[in-house]
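Enquirer: Quick one: the structure is below, and I'll ask about it shortly.
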Amino acid sequence: MDRNLWLEFAPFGRIPPSRKQIDANVLEFQPLSESQVLVLGTDRKLWLESGAFGNAPLPRKQVDENVGPYFLRVRCAASAQEKRIMAHIH
């Protein structure tokens with residue numbers, strides 16, 4: 001596993017795939033919408049990344065640091081109030 005996060009495009013199964021890199025050194029990620037994704041890096045920093053993916057440098061904001069490896073799995077079950085709080089971050 002190379003820890004790169006890619007956005008791939010249809011048609012799937014082509015070699016090489018049509019794709020754009022979102023980030024590297026990724027431990028976990030959670031898509032929030034078609035244009036935003038939370039990315040937990042191997043350095044335990046949590047980033048909110050926004051499209052246009054594949055254009056460097058990516059527009060992103062650091063959300064937190066020293067984040068545990070299961071944060072994003074718990075985040076998936078967040079309440080509506082927590083989602084409103086996250087909306088104010090960006």
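Enquirer: Report whether or not VAL63 is modelled with pLDDT of 70 or more, assigned to a loop (DSSP other than H, G, I, E, B) and aliphatic (A, V, I, L, M).
Expert: Numbers: modelled with pLDDT of 70 or more: yes; assigned to a loop (DSSP other than H, G, I, E, B): no; aliphatic (A, V, I, L, M): yes.
No: the conditions fail for VAL63.
Enquirer: Could I ask something else about it? Quick check on my filter: what residues within region 32-49 are surrounded by fewer than 16 Cβ atoms within 10 Å (Cβ to Cβ) and modelled with pLDDT under 90? Steps first, answer last, please.
Expert: Going through region 32-49, the residues surrounded by fewer than 16 Cβ atoms within 10 Å (Cβ to Cβ) turn out to be 33-35, 42-44.
Within region 32-49, SER33, GLU34, SER35 meet the criteria.
Enquirer: Also, I was wondering about something else. Of (1) modelled with pLDDT of 85 or more; (2) among the polar types (S, T, N, Q); (3) farther than 18 Å from ASP2 by Cβ, SER79 satisfies all except one. Which?
Expert: (1)
Every residue, every condition in (1) in a strand (DSSP E or B); (2) more than 9 Å from the chain's Cα centre (by Cα); (3) farther than 21 Å from PRO69 by Cβ, yes or no:
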| residue | (1), (2), (3) |
| --- | --- |
| ARG3 | no, yes, no |
| ALA10 | no, yes, yes |
| PRO16 | no, yes, yes |
| GLN21 | yes, yes, yes |
| GLU28 | yes, no, no |
| SER33 | no, yes, yes |
| LEU40 | yes, no, no |
| ARG44 | no, yes, no |
| LEU48 | yes, no, no |
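The values are calculated or read from the model by the stated rules, or taken from the named source; none is laboratory data. It should be emphasised that the depicted structure is a prediction, and the values quoted were computed from it without experimental measurement. When we count neighbours, we look across all protein chains shown, and the Cβ atoms used for this are built from the backbone with ideal geometry, even at glycine.
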